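The values are calculated or read from the model by the stated rules, or taken from the named source; none is laboratory data. All values reported here derive from a predicted model rather than from experimental measurement. Every residue, glycine among them, receives a Cβ derived from its backbone with ideal geometry; neighbour counts consider all protein chains shown. Keep in mind that these areas ignore ligands, DNA and RNA; they rest on the heavy atoms of the full protein, side chains included. Shrake-Rupley method; radii C 1.70, N 1.55, O 1.52, S 1.80 Å.
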Amino acid sequence: MEVPVQPSMSTVNAERVRAVVSAEKKLGATPVTGRNGFVQRYFYLAMSLLLAAIVVDGFKRTVNDNLFHPAVPRPFILWIHASVFAGWVIFFICQSTLVRIRKVSWHRSIGWFGAGLATVMVPLGVTTAIIMARFDTVQLHQTGADAFLSIPFYDMIAFGVSIALAIYWRTKPELHRRLIFIATCGLMDAAFGRFDYLFDHNLFFPCLDLLILLGVARDLLVDRRVHKVYLYALPLLIVGQSLALYMWRSNPSWWQGITHAILG
């Protein structure tokens, strides 16, 4: 009668070591870039948190004097504006998180709330800009508030167009997510503008463009090419930003006529 050969302890240990080494190799082989890599899986979530940090860091410099404890009380619409636009940043974080944890059905359902929120944001942003320009001119006796309207007006046009296209292409994730990202980055000039140096040297637009360029870098790392959304959007955004800055800083006569008609 043959006795079955039992594996020795050395053989068992060797097999265990090989299994551990194999697992470590698989773990170590997980790419940082490329398809299904770290950058692809976490880019939009990381960017949503970065944008939130920029908003907090920027507005904490002025929110106390301009909203919470101002020497002259601000119009109530400014509170609504701050709440709604902060809500969009929170919405962007939530949507990015839902995609990361694979709750796509929740992402789509909540997306319609975001569409409604964005629809409110555009007229609210324009109305708040006009009311605050009147307030700054009449109550605070500031100069140049009328010319500065070109900046928030441009912001709302760029945001509105980007969101409208994102809603239209909601069934095409590669287009949709980039347009939402661009739209949200486009709101960051308000936060960057709270840094005096960036505001005085017209650098708030280049700063938000750098955020969008991170999306370009993501595409190059993951897909080895730049998506057509960026190829079309970035040049148009830069042209619009340049025009808005020209209208603000130079305040040509034709723009003065428009702002005087708006402000009354």
(request) Select the helices (runs of 4 or more DSSP H) contained entirely in the range 179-264, then report the ones holding at least 1 residues which are in contact (Cβ under 8 Å) with a residue 60 or more places away in the chain and more than 27 Å from ASP65 (Cα to Cα). (result) 204-222, 228-250, 253-263
(request) Kindly check whether there is at least one residue in the range 105-128 that is of a type in the set (Lys, Arg) and within 30 Å of ASN251 (Cα to Cα). (result) no
(request) Identify, from the list VAL122, VAL99, the residue that is surrounded by 13 or more Cβ atoms within 10 Å (Cβ to Cβ) and within 22 Å of MET188 (Cα to Cα). (result) VAL122
(message) When you scan the range 104-118, do you find a residue that is among the charged types (D, E, K, R) and modelled with pLDDT under 95, even just one?
(response) yes
(request) Say whether the condition of being over 22 Å from ARG35 (Cβ atoms), open to solvent by 70 Å² or more (accessible area, probe 1.4 Å) and of a type in the set (Ser, Thr, Tyr) is met by at least one residue in the range 178-195. (result) no
(message) Just to verify a result, which residue in the range 65-86, among those that are farther than 21 Å from LEU51 by Cα and touching a residue at least 60 places away in the same chain (Cβ under 8 Å), is least open to solvent (accessible area, probe 1.4 Å)?
(response) PRO75
(message) Within the range 213-247, take every residue that is farther than 15 Å from GLU174 by Cα and of a type in the set (Val, Ile, Thr) and give me the one that is least open to solvent (accessible area, probe 1.4 Å).
(response) ILE238
(request) Identify all residues within the range 129-156 that are surrounded by fewer than 16 Cβ atoms within 10 Å (Cβ to Cβ) and either within 16 Å of the chain's Cα centre (by Cα) or not in a helix (DSSP H, G or I) (or both); write none if there are none. (result) GLN139, LEU140, HIS141, GLN142, THR143, GLY144
(message) Among the residues of the range 80-101, are any part of a helix (DSSP H, G or I), closer than 20 Å to PHE181 by Cα and in contact with a Cys (Cβ under 8 Å, 6 or more places away or on another chain)?
(response) no
